[in-house]
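Undergrad: The structure is given below, and queries will be raised subsequently.
The values are calculated or read from the model by the stated rules, or taken from the named source; none is laboratory data. Fair warning: this is a prediction, and the values are worked out from it, not measured in the lab. Here the Cβ positions follow ideal geometry from the backbone for every residue, glycine too, while neighbour counts run over all protein chains shown.
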Amino acid sequence: MNFVESAKKSSVKGCNSKQIDFEFVVNSIFEGVFTVDTDLNITTFNKAAEKITGYEKEEAIGQKCYKLLNSSHCCGDSCFINKSFNSGEKGYSTDVVIISKRGEFIPVEITVMPLFNTEDKIIGALEIFSDQRHLHKLYKELEERYSFQKIIGKNHKMQEIYEMIEAVAPYKSSVLIIGESGTGKELVAKALHYLSDRRYKPFIKVNSAALSPTLLESELFGHEKGAFTGAQFTHKGRFELADKGTIFLDEIGEIPISLQAKLLRVLQEGEFERVGGKDSLKTDVRVIAATNRDLSEEIKTGTFRQDLYYRINVFPIQLPPLRERKSDIPLLMDHFIEKLNTSFQKSKKGVARDALKFLLNYDYPGNVRELENALEFAFIKGKGEFIHFEDLPYFMVSNAVEGSFLRLEDMEKYHIQQILERCSGNKQQAAKLLGITRKTLYTKLEKYELTE
């Protein structure tokens, strides 16, 4: 007799002495409930579980739970059911993702407990899971209050930028977006396009720094067949392709001065010729440019035309570096962690205290892009539910300490301090994480005067 049959036979007596069977009980629960035997075969699957997952009871019974639900925790040591088998204790998690019959990712909160027979032998496990989609929807709505066209930020500087984007988006006026690398210049350019009446027309991006001067001219204005060796066909340029839409000239400061006169003409008159061509072509485009350079200094050195600068700089938008809006870092981290959880099919709960302290104080020379890349690195490297200091990229940590820690001993002292803080002062646990004996740790604590 298995544990389900046993549960059904050992009925629960109510005040009227009528018997209530096990299946009736689990079907009365609003959360999803299923049970498995020690081989992880599903033995019970209640009505709420059917509703959440899309699987009928008949489809679920007898299936391996990890094959049916494809949970983000359905593997090895991450499996809460296996943990309950090994420890004989209840497990709990607030952030697990399962996959429904329709292929939808469903965030759930789970409780897992082992089931025992009368001889205290584990004969299976019971899992209760509740659908968290409504909470995630609320979190999403909250995030959207502090985002604008996929640009995340509640800092007052970002709020001002949102207002500037809304103000200039409806017009054809040229916009120059100024900011360090990784501050989100392309996101601003896309927001300007999608908030304009050109939103249903092309948005064409040109990375001026990625092309040689010869290729750049051909990419911008196109070329005629036979214009140069290898030009076997007529090629339409980006200005031609962007007609009635928007062209985004990223890193415009990289455009060689020899091309700037031709660019100025298309901005002023909407006319250009393909390379090797004689006919003037017309185009109606809105030009948005971006740079991380000081173009006024480029004008002084003769590498950027003053008349072109005034033509593109009709409405400048200056993006602040991340170090000047650190209050947005927690919001950005939540956004990227949610995005990465979906991408990697994981369920990271957030950033641990040691990593959070570091990330909030880091200067981010690579700005928002560096933060996103660091979290993605940590997702790949880290195994736990939280991102810890040791999961962060080494180059990021070394960049932060390079100016402060000139000696190896200083870096070691800093690292020991971080691990101790993470372990709440528990030296045995800290020594284990550091990979040294407790005696060695005490020696280092004395050496670095870290003893209490």
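Undergrad: Filter the stretch 259-297 down to the residues that are closer than 30 Å to Gly182 by Cβ and in a loop (DSSP other than H, G, I, E, B) and list them by number.
TA: Val285, Asn292, Arg293, Asp294
Undergrad: Output the residue which, of all residues in the stretch 224-259 that are of a type in the set (A, V, I, L, M) and over 20 Å from Arg311 (Cα atoms), is modelled with the highest pLDDT. Quick ask: steps written out before the conclusion?
TA: First pass over the stretch 224-259, keeping only residues of a type in the set (A, V, I, L, M): 227, 231, 241-242, 247, 249, 252, 255, 257, 259.
Those left that are additionally over 20 Å from Arg311 (Cα atoms): 227, 231, 241.
Values: Ala227: 82, Ala231: 82, Leu241: 95.
Ranking the candidates gives Leu241 first.
Undergrad: A further question follows. Testing Glu452 on (1) modelled with pLDDT under 85; (2) under 33 Å from the mean Cα position of the chain (by Cα), one condition comes back false. Which one is that?
TA: Condition not satisfied by Glu452: (2).
Undergrad: Testing Leu340 on (1) in contact with a helix residue (DSSP H, G or I) (Cβ under 9 Å, 6 or more places away or on another chain); (2) without any contact (Cβ under 8 Å) to a residue 60 or more places away in the chain; (3) assigned by TED's automatic domain parsing to the domain that holds Arg198; (4) assigned to a helix (DSSP H, G or I), one condition comes back false. Which one is that?
TA: So Leu340 meets the others, but not (3).
Undergrad: What's the number of the condition Ala125 fails, among (1) touching a residue at least 60 places away in the same chain (Cβ under 8 Å); (2) buried (at least 20 other Cβ atoms within 10 Å of the Cβ); (3) closer than 28 Å to Ile337 by Cα?
TA: Every listed condition holds for Ala125 apart from (3).
Undergrad: Ok, one more. Can you go through Ala231, Ala227, Ala210 and tell me which one is without any contact (Cβ under 8 Å) to a residue 12 or more places away in the chain and assigned by TED's automatic domain parsing to the domain that holds Ile177?
TA: Numbers: Ala231 fails: without any contact (Cβ under 8 Å) to a residue 12 or more places away in the chain; Ala227 fails: without any contact (Cβ under 8 Å) to a residue 12 or more places away in the chain.
Only one candidate qualifies: Ala210.
Undergrad: Can you name the residue in the stretch 356-365 that is surrounded by fewer than 19 Cβ atoms within 10 Å (Cβ to Cβ) and among the aliphatic types (A, V, I, L, M) and, of all such residues, is nearest to Gly384 (Cα to Cα)?
TA: The qualifying residue nearest to Gly384 (Cα to Cα) is Leu356.
Undergrad: Out of everything in the stretch 260-279 that is among the hydrophobic types (A, V, I, L, M, F, W, C), within 14 Å of Arg311 (Cβ to Cβ) and without any contact (Cβ under 8 Å) to a residue 60 or more places away in the chain, what residue ends up being surrounded by the fewest Cβ atoms within 10 Å (Cβ to Cβ)? Break it down stepwise before answering.
TA: Taking the stretch 260-279 and keeping what is among the hydrophobic types (A, V, I, L, M, F, W, C), we get 261, 263-264, 266-267, 272, 275.
Now narrow it down to the ones that are within 14 Å of Arg311 (Cβ to Cβ): 261, 263-264, 266-267.
Then keep just the ones that are without any contact (Cβ under 8 Å) to a residue 60 or more places away in the chain; that gives 261, 263-264, 266.
Numbers: Ala261: 11, Leu263: 24, Leu264: 17, Val266: 21.
The qualifying residue surrounded by the fewest Cβ atoms within 10 Å (Cβ to Cβ) is Ala261.
Rundown of residues vs (1) of a type outside the set (Ser, Thr, Tyr); (2) part of a helix (DSSP H, G or I); (3) crowded, with 19+ Cβ neighbours inside 10 Å, yes/no style:
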residue	(1), (2), (3)
Tyr171	no, no, no
Leu176	yes, no, yes
Phe228	yes, no, no
Phe233	yes, no, no
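Undergrad: Now for a separate question. Within the stretch 24-104, considering only strands (runs of 3 or more DSSP E) that don't extend past its boundaries, which have at least 1 residues that are touching a strand residue (DSSP E or B) at 6+ places or on another chain (Cβ under 8 Å), surrounded by fewer than 15 Cβ atoms within 10 Å (Cβ to Cβ) and of a type outside the set (Gly, Ala, Ser)?
TA: Values: elements: 32-37, 42-45, 91-99.
Per the criteria, 91-99.
Undergrad: If you check Glu180, Glu186, which single one turns out to be in a helix (DSSP H, G or I), surrounded by fewer than 20 Cβ atoms within 10 Å (Cβ to Cβ) and assigned by TED's automatic domain parsing to the domain that holds Leu295? Don't jump to the end; show me each part of the working.
TA: Numbers: Glu180 fails: in a helix (DSSP H, G or I).
Selected residue: Glu186, the only one of Glu180, Glu186 that is in a helix (DSSP H, G or I), surrounded by fewer than 20 Cβ atoms within 10 Å (Cβ to Cβ) and assigned by TED's automatic domain parsing to the domain that holds Leu295.
Undergrad: Of all residues being of a type outside the set (D, E, K, R) and within 16 Å of the chain's Cα centre (by Cα) in the stretch 342-355, which is surrounded by the most Cβ atoms within 10 Å (Cβ to Cβ)? Just the residue, please. Spell out how you get there, then give the answer.
TA: Pass one, the stretch 342-355, residues of a type outside the set (D, E, K, R): 342-345, 347, 350-352, 355.
Next, from what is left, pick out any that are within 16 Å of the chain's Cα centre (by Cα): 342-345, 347, 350-351.
On the way: Thr342: 12, Ser343: 11, Phe344: 13, Gln345: 13, Ser347: 20, Gly350: 14, Val351: 25.
Checking each candidate, the answer is Val351.
Undergrad: Could you check Ile317 against (1) touching a residue at least 40 places away in the same chain (Cβ under 8 Å); (2) assigned to a helix (DSSP H, G or I); (3) closer than 21 Å to Ile178 by Cβ; (4) of a type in the set (A, V, I, L, M) and say which number it fails?
TA: Unmet for Ile317, out of (1) touching a residue at least 40 places away in the same chain (Cβ under 8 Å); (2) assigned to a helix (DSSP H, G or I); (3) closer than 21 Å to Ile178 by Cβ; (4) of a type in the set (A, V, I, L, M): (2).
Undergrad: Could you say whether any residue in the stretch 241-258 is part of a strand (DSSP E or B), touching a Phe, Trp or Tyr at 6+ places or on another chain (Cβ under 9 Å), surrounded by fewer than 17 Cβ atoms within 10 Å (Cβ to Cβ) and assigned by TED's automatic domain parsing to the domain that holds Ser181? Walk me through it before giving the result.
TA: If we filter the stretch 241-258 for residues that are part of a strand (DSSP E or B), which is where we start, we get 246-250.
Now drop any that are not touching a Phe, Trp or Tyr at 6+ places or on another chain (Cβ under 9 Å), which leaves 246-248.
Checking the rest, the ones that are also surrounded by fewer than 17 Cβ atoms within 10 Å (Cβ to Cβ) come to none.
Checked against the condition, which is being part of a strand (DSSP E or B), touching a Phe, Trp or Tyr at 6+ places or on another chain (Cβ under 9 Å), surrounded by fewer than 17 Cβ atoms within 10 Å (Cβ to Cβ) and assigned by TED's automatic domain parsing to the domain that holds Ser181, the stretch 241-258 yields no hits at all.
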